[in-house]
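What follows is a set of notes on a single structure, which appears directly below.
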Amino acid sequence: MITELGHFALILAFLIAIVQMVVPLIGAHMRWPGWMAVAEPAAQAQFLFTAFSFGALTWAFVTSDFSLKLVVENSHSAKPMLYKISGTWGNHEGSMLLWVLIVSLFGAVASVFGDGLPPTLKARVLAVQASIGVAFFAFLLFTSNPFLRMVVPPFDGQDLNPLLQDPGLAFHPPFLYLGYVGLSMAFSFAIAALIEGRVDAAWGRWVRPWTLAAWVFLTIGIALGSWWAYYELGWGGFWFWDPVENASFMPWILATALLHSAIVVEKRESLKSWTILLAILAFSFSLVGTFIVRSGLLTSVHAFATDPVRGVFILYILAIFTGGALTLFATRAQAMEAKGVFGVVSRESMLVVNNVLLAVSCFVVFFGTLWPIVAELAFDRKLSVGPPFFNAAFTPFMVVLGLVMPVGAMLPWKRGRLGRAAWTLRYVFVLAVALGVTAWAMQSGRSVLGPVGLFLGSWMVFGAAVDLWSRTGRSGVAGRLARLVRLPRADWGKTLAHGGLGITMFAIAGLTAWEEEDIRVAYIDQPFEVGAYSLTLEGVARSRGPNYYATTGTVRVTKAGQLVAMMKPEKRNYPVTRMPTTEAAIDFRFLRDLYVVVGDQQADGGWVIRTYIKPLANWIWGGCLLMALGGLLSLSDRRYRVAVGARKSRMTGVAAE
């Protein structure tokens, strides 16, 4: 009964979304207040019905209702409760229901907290947001219905993909979708502004919180996915430039550019057309990611390999929204005249450089991801574009971005002096060079990657700190410290975000340059050396988990005769899905991780053991968390709230009258 109600609620949400898409848009065009007012209750009702539908599907998974086809295909009665719940979105249909839930959530939040927006703009924003919901409700109901029943319910289910039965993957999709779908609000604001033919400083203030929230969620989601790949897949890496990884990374890059360009719109009323274009492209790349994951066009360890019919439907959605938005942009671009004028050396110019570097790097990733498909379809050639291409083509843009970021942050608006900003950062530059030279002298090899990474990371972290300190004025140290704690949260957030990026870049460079790897056949009670550590395989035991069988090795790790860790790497086999998984044993430390994987037993009784010493591994995700924390801190600044910007705009309009 509950699942039938959930299905019915989903249909009602679809119908409400159609009303929300059409009526407020007509009302805004005709200036009919009553029709425009329909948008708010419709957005809230759409969310409530969608939430009920999602709750009904979750209940079916929790109670192991095997009369529902989706539960049969993605759950099992012996599965732990956490993975029964996460199984709701660990499949194509359930994840698409989560998608439309988040679309409706953002619309409902905009309807509640957007009271200060001009009525016509608010109506159009909610109508555009509803149009996105309509497209995906139709896709869900007509091609991917999650509430299909089984004619003859089986005794038990087929279980969830074992790779997805992990805490990291339980939380990774919701955060990722909050970021993916959150960019739909920036898209809705952009389309609404194009329809009205007006983009001003107030619009920049309104769009920034939504973009920032989406960026924060996307940062957390990508970091969780990377962390999961690191410890769960057993291959020892954190990023493989997998097509699905790239599908989430490209919108993040464009969202980062959008955040910075929106600052210029707000502060200087420049880059209006470019900012609108970025808002369109950021969400369009989210749709591209959805197409890549669900079309079956590309395969990945964490993709939904579905039939081409669904892929074609998503392709139509992508073509309609992206093509329609770009057509509207082309017809209205001339109305977005830039008012602010700035010099070649200014903060605006540096933000333009920032945007160009980010946009080009995004299209490099896009080209590398899709080129194998294009080559096969157009030239009948099978090509593989892997990490070597992406590392060589993408890294230089990030290096240049890291070099210019501290200088750009120190420059004033409109017009500045490059020498003055560079002089302020002179001690930071000397310190960064000294650290890089020290790393070069101390490393055993002669790879330049690690020292350059340390230089770049130090330059960015300490540069961000100097920028924050420079905002405290020229009073004494005590006065500047007192002023420091009273600085706006957005200033602190920017410092944390920029510093977090510097830490992540240094950690990636250091890990790549200084990692040690050892693969061998190990024998019981026969120690072997890896770097400064001595490892001994003390035994291998077999055990049974809730829904799997495990082979667990016990590895003793010592250094200079002192016990460092007792590590227990596992190989698991899930009998229902007949899939093996690898559970790496990781000794997490501040400056390094010790990573051990047990493989298959050999004919002579030995076991394959892979060991990695990974310096600075945790700093990668620590830097990502700092970036997300910086975004959250900025989001909590009252200046970033939509209502504040709207009230200022409204008060200005009243004064002008």
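Matching residues to (1) at pLDDT below 95; (2) in a loop (DSSP other than H, G, I, E, B); (3) surrounded by fewer than 21 Cβ atoms within 10 Å (Cβ to Cβ); (4) out of contact with any Cys (no Cβ under 8 Å at 6 or more places or on another chain):
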{"residue": "Trp413", "(1), (2), (3), (4)": "yes, yes, yes, yes"}
{"residue": "Arg420", "(1), (2), (3), (4)": "yes, no, yes, yes"}
{"residue": "Val430", "(1), (2), (3), (4)": "no, no, yes, yes"}
{"residue": "Trp440", "(1), (2), (3), (4)": "yes, no, yes, yes"}
{"residue": "Gly450", "(1), (2), (3), (4)": "yes, no, no, yes"}
{"residue": "Leu456", "(1), (2), (3), (4)": "no, no, no, yes"}
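If the requirement is being closer than 30 Å to Pro308 by Cβ, part of a loop (DSSP other than H, G, I, E, B), modelled with pLDDT of 85 or more and not aliphatic (A, V, I, L, M), which of these qualifies: Pro174, Pro153? After applying the criteria, what remains is Pro153. Remark: pairs (first residue in region 225-236, at positive phi and surrounded by 20 or more Cβ atoms within 10 Å (Cβ to Cβ); second residue outside any loop (DSSP other than H, G, I, E, B) and of a type in the set (Gly, Ala, Ser); Cβ separation under 6 Å; 6+ apart in sequence or on different chains) are absent.
Among the residues of region 463-470, is any surrounded by 15 or more Cβ atoms within 10 Å (Cβ to Cβ), farther than 30 Å from Leu511 by Cα and in contact (Cβ under 8 Å) with a residue 60 or more places away in the chain? So far as region 463-470 goes, yes, one or more of its residues are surrounded by 15 or more Cβ atoms within 10 Å (Cβ to Cβ), farther than 30 Å from Leu511 by Cα and in contact (Cβ under 8 Å) with a residue 60 or more places away in the chain.
Could you tell me whether region 11-28 includes any residue that is over 21 Å from Phe136 (Cα atoms) and of a type outside the set (Gly, Ala, Ser)? Yes - at least one qualifying residue is present in region 11-28.
Is it the case, given these coordinates, that Val477 is farther than 28 Å from Arg638 by Cα and surrounded by fewer than 18 Cβ atoms within 10 Å (Cβ to Cβ)? Spell out how you get there, then give the answer.
On the way: farther than 28 Å from Arg638 by Cα: no; surrounded by fewer than 18 Cβ atoms within 10 Å (Cβ to Cβ): yes.
Here the answer is no, as Val477 does not meet what is asked.
Consider region 62-98 and keep the residues that are among the β-branched types (Val, Ile, Thr) and out of contact with any helix residue (DSSP H, G or I) (no Cβ under 7 Å at 6 or more places or on another chain). The one that is surrounded by the fewest Cβ atoms within 10 Å (Cβ to Cβ) is Thr63.
Within the option set Ala123, Ala186, Ala130, Ala110, being at pLDDT 90 or above, in contact with a Pro (Cβ under 6 Å, 6 or more places away or on another chain) and surrounded by 23 or more Cβ atoms within 10 Å (Cβ to Cβ) holds for one residue only, Ala123.
Taken over region 31-61, residues that are in a loop (DSSP other than H, G, I, E, B) and crowded, with 19+ Cβ neighbours inside 10 Å amount to 1.
Residues in region 85-117 that are farther than 16 Å from Met36 by Cα and assigned to a loop (DSSP other than H, G, I, E, B): 5 in all. Looking across region 603-657 at every residue that is at pLDDT below 95 and polar (S, T, N, Q), the one that is farthest from Trp203 (Cα to Cα) is identified as Asn618. Return a yes/no flag: does region 486-500 have any residue that is at pLDDT 95 or above, crowded, with 20+ Cβ neighbours inside 10 Å and within 30 Å of Gly531 (Cα to Cα). The answer is yes; a qualifying residue exists. Residues of region 553-571 that are without any contact (Cβ under 8 Å) to a residue 24 or more places away in the chain and among the polar types (S, T, N, Q): Thr554, Gln562. When residues in region 593-624 are screened for being in a helix (DSSP H, G or I) and among the aromatic types (Phe, Trp, Tyr), 2 of them pass. For region 223-274, the set of residues classified as closer than 21 Å to Trp203 by Cα, in a loop (DSSP other than H, G, I, E, B) and small (Gly, Ala, Ser) consists of Ser270 only. When we screen Leu57, Leu70, Leu82, Leu141 for residues that are at pLDDT below 90, within 28 Å of the chain's Cα centre (by Cα) and on the phi < 0 side of the Ramachandran plot, the only hit is Leu82.
When you check Ser104 against the structure, is it farther than 24 Å from Phe291 by Cβ and touching a Leu at 6+ places or on another chain (Cβ under 9 Å), yes or no? No; evaluated as a whole, the condition is false for this residue.
The values are calculated or read from the model by the stated rules, or taken from the named source; none is laboratory data. Source: prediction; values computed, not measured. Backbone-built Cβ (ideal geometry, glycine too); neighbour counts: all protein chains shown.
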